[in-house]
Every structure is written in C-alpha cells, then in structure tokens.
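What follows is one structure encoded as structure tokens, with my remarks underneath.
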Amino acid sequence: MEKENKDKEVAEEEERPEEPKKKSKFKWILIASVALAVVASGAIAGFYLMTKADPKKPLPVKPVVLSILPMDPFVVNIAETNGERYLKIVIQLEVSDPGVGPELEQLKPRIRDSILDLLTPKTYKDLMDLVGKQRLREDIAGRINNILQRGKVTKVYFTDFVIQ
C-alpha cells in the first residue's frame, strides 16, 4: 500500500506541475492579446490623427492684388478764412478689387460731390495736424465705400496737399 500511496503522490506531483504550465500558457496568451490590442489601437489612433491633422490640402493663398486709382485734384476754400486760404488736394485711392475702376469712373461725379461736401467745412486747424489728415483720409475712404457697390477703398493717399 505504501507503494500505491507513493505512486499516487508521484502521480499527483506530476499533475501539479502541469497545471501551472497551463496557467502560464494562458497568461502569455492573455498578455500577447492585450499587447496586440494596444498596438492595434495605437496604430488606428495614429493613422486617424495623422490624417486629421493634415486636412486634404490647404488651398493656395492667392496674393491680394491692390490697385491704385488716381482722382482729379480738388480745390476748395478753407472754412473760417473769409476766402483768404484754399486747399488743393490730389488723392489716389487704393482699392481691393482692380475691377472697381470702371465703377469709380461712372460714379465720379457723385464721389467728387461727396468729397467736396466733406472738405468745405474743414478749418485750417483741422487740416494742419497729422491727426486731422489721418481723420480726413478715413472720412474720404468711408464716403467712397458708401457709394461703391463692388470692392472697397482700403487706403487713401494724398499725393498733393497744399494750403495757401
């Protein structure tokens, strides 16, 4: 009987090491499948982020083409000088659309009238300092932009500014 007990113990010992081997195989299979899932999800996320960060192709930036259009000279009497002083001003308009030229030419009488209405009440003091000239540029651009239908005046240049 002792031999039988020893045989049973030997048999049990032989069976016990087999169980940890099965568990260790299961453990490695589980670790491998988790690692594979992590790598796959990382690859999918990386692909998604790479394609999302570089959207199709950005549209090429078209350079802004500005045109400068000349205006005829303006000569007006300065207010509060009893006709002793006058202002001669020549302006050029920077416009956002080169196609504004024909519209500007067609609306020239209306634009000139609006600018003359703006210039006549100006005093010598209004026109002599830098702030007054800058305000005049902004006012001229605003009045012309209210008249134009297409494009807009982006800047007004004084090419001749004489007070006598």
Taking every other residue with Cβ under 14 Å from the Cβ of Gly101 and scoring Lys and Arg +1, Asp and Glu -1, one gets -1
Work out, step by step, the length gained on full extension between Met50 and Gln106: first 0.36 nm times the residue separation, then minus their alpha carbon distance; give nm to one decimal.
-> 14.8 nm
Over every pair of different alpha-carbon atoms in segment 67-163, take the mean of 1/r and invert it; report that Kirkwood radius in Å.
-> 13.7 Å
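Computed from the coordinates by the stated procedures, all read-outs in this text should not be read as laboratory data. Note that this is a predicted model, so its numbers are computed, not measured. Positions of Cβ are generated from backbone atoms using ideal geometry, with glycine treated the same way; all protein chains shown enter the neighbour counts.
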